[in-house]
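The values are calculated or read from the model by the stated rules, or taken from the named source; none is laboratory data. Remember, it's a predicted structure, so these values are computed and weren't measured experimentally. Ideal geometry is used to build each Cβ from the backbone, glycine not excepted, and the neighbour counts take in all protein chains shown. Calculation scope for accessible area: heavy atoms of the full protein, side chains included, ligands and nucleic acids excluded. Shrake-Rupley method; radii C 1.70, N 1.55, O 1.52, S 1.80 Å.
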Amino acid sequence: MNIVIAGGGAAAAAAAEKCRLLSPDSDITIFSDEAVLPYRRPRLVDLLNKDVLPENFFIRPEKFYKEHNIKIHLQSSVIGIDIAEKRITLLNNRTVNFDRLLLATGAESRKLPFRELNDNVFYLNSFADRQKIKSELDFCRNIAVIGGGVLGLEIAAKLLSCEHNVTLLERNHDLLNGVLDKECSTFLRNKLFTHPRLRIISNCQATGFTKRSSQLCCLLDNSVNRQIPADMAICAIGTRPNNFPGSDSPVVTDEYLRTSYSPDIFAAGSCALVNGKSCEYYIPALRQAETAAANLLCSQTEDMHKYRFPVPEFRCNLDNIKIYCAGNALDPALATETQNDGISLKKLYYRQNHLVGCAMIGEHAATGEIYDTICRNTEKINAPA
């Protein structure tokens, strides 16, 4: 079987490895628009100030792909698909045929809706983005980070550790909106406010940029119109799943990860919309890619495995403040139990007296046991009567 994988991220690498494990004789080819081998994307933030890349940054070394007869073509973007002829078109207009195609093209950064001074505004979604930011950091002291979500806070924490002054801009009132509830977000905000080089401005939205002398100024639209001077700005306002190559349509799949375009085309990772939902976290994306790889090798639907999104789990470390969140921690109808000693916060969420979610700030004790309990209870509550 001739298997083609479009995309060069972790999902593409995981799918290729699974295909080779299950089908030793298949031809497997990866076409990636990146200039480097598949890598662990969450580590891009950690490497903003590093000159040498650690060996474990890459998912597998180059020799792995050679030893397992997985052909990988870098800087080779798939720009179109001829579904009827089962053929992809690359950026250089070269065409390649396939028997099965797996789309793992990822997501793109959401862009600010204005173009002024965009050369001074950076995004972090690829290795090339990391290179651009790193080349400018040594010349910058004051940096504006736009977005108070997961990526924005991780970037801010990294910059603070490198002795930069950071102004964090968030359009909502709460940080980590969509991850933490109001009580937990307020606790986190108060902890972060103690950092002498961090300034947090919420309930505001960047409306444009201008230049004052040699400095970039971020214009804000809120109750008080302000200009925030900075040497550079890094935008982290989320991502958008990449469309089906060559079209404006999303990559929609069924529960077996087959796309709506063809039973010979599958998708996995953050580009795939499974029942309208994309895979936003690293580990679930790998599991999804392995499921898609196994299913594309099946000839009958009854041999395929359905993909179910796992109970969500999130963890990070912001300026030495540990954060852990799992399960349902946002539903206001849930009963809650909170332990807050001013240093750390632990909040548990209950439905029908069953633990279904938790949020911890400042501690990560027994998270594995808690997560297992949440998973069991969630499955029990959601089971058909």
Q: Tell me which of these residue 288 doesn't satisfy, since it passes every other one: (1) in contact (Cβ under 8 Å) with a residue 40 or more places away in the chain; (2) open to solvent by 80 Å² or more (accessible area, probe 1.4 Å).
A: (2)
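Here's a check for you: in segment 352-385, which residue that is in a helix (DSSP H, G or I) and over 15 Å from residue 310 (Cα atoms) is modelled with the lowest pLDDT? Step through it out loud before you land on a result.
Initial filter on segment 352-385 (in a helix (DSSP H, G or I)): 367-382.
Now drop any that are not over 15 Å from residue 310 (Cα atoms), which leaves 367, 369.
Details: 367: 86, 369: 91.
Out of the qualifying residues, it is 367.
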Q: Considering only residues that are charged (D, E, K, R) and within 27 Å of the chain's Cα centre (by Cα), look in segment 344-362 and name the one that is most open to solvent (accessible area, probe 1.4 Å).
A: 346
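Please find, within segment 311-343, the residue that is modelled with the lowest pLDDT out of those that are in a loop (DSSP other than H, G, I, E, B) and surrounded by fewer than 15 Cβ atoms within 10 Å (Cβ to Cβ). Can you show your working first?
Pass one, segment 311-343, residues in a loop (DSSP other than H, G, I, E, B): 311-312, 319-320, 328-334, 341-343.
Adding the requirement that they be surrounded by fewer than 15 Cβ atoms within 10 Å (Cβ to Cβ) leaves 320, 331-333, 341-343.
Details: 320: 83, 331: 93, 332: 93, 333: 94, 341: 92, 342: 89, 343: 91.
By that ranking, first place goes to 320.
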Q) Limited to segment 134-145, what total is found for residues that are closer than 20 Å to residue 240 by Cβ and either assigned to a loop (DSSP other than H, G, I, E, B) or out of contact with any helix residue (DSSP H, G or I) (no Cβ under 7 Å at 6 or more places or on another chain) (or both)? A) 0
Q.
Anything in segment 1-35 that is in a strand (DSSP E or B), of a type in the set (A, V, I, L, M) and over 30 Å from residue 131 (Cβ atoms)? List them, or say none.
A. 3
Q. How many of the residues in segment 295-310 are small (Gly, Ala, Ser) and either at pLDDT 95 or above or in contact with a Gly (Cβ under 8 Å, 6 or more places away or on another chain) (or both)?
A. 0
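Scan segment 172-214 for residues that are charged (D, E, K, R), assigned to a loop (DSSP other than H, G, I, E, B) and buried (at least 17 other Cβ atoms within 10 Å of the Cβ) and jot them down. Walk me through how you get there before you give the answer.
Residues of segment 172-214 that are charged (D, E, K, R), as a first pass: 174, 181-183, 189, 191, 197, 199, 211-212.
Next, from what is left, pick out any that are assigned to a loop (DSSP other than H, G, I, E, B): 174, 181, 197.
Listed by number, the residues that qualify are 174, 181.
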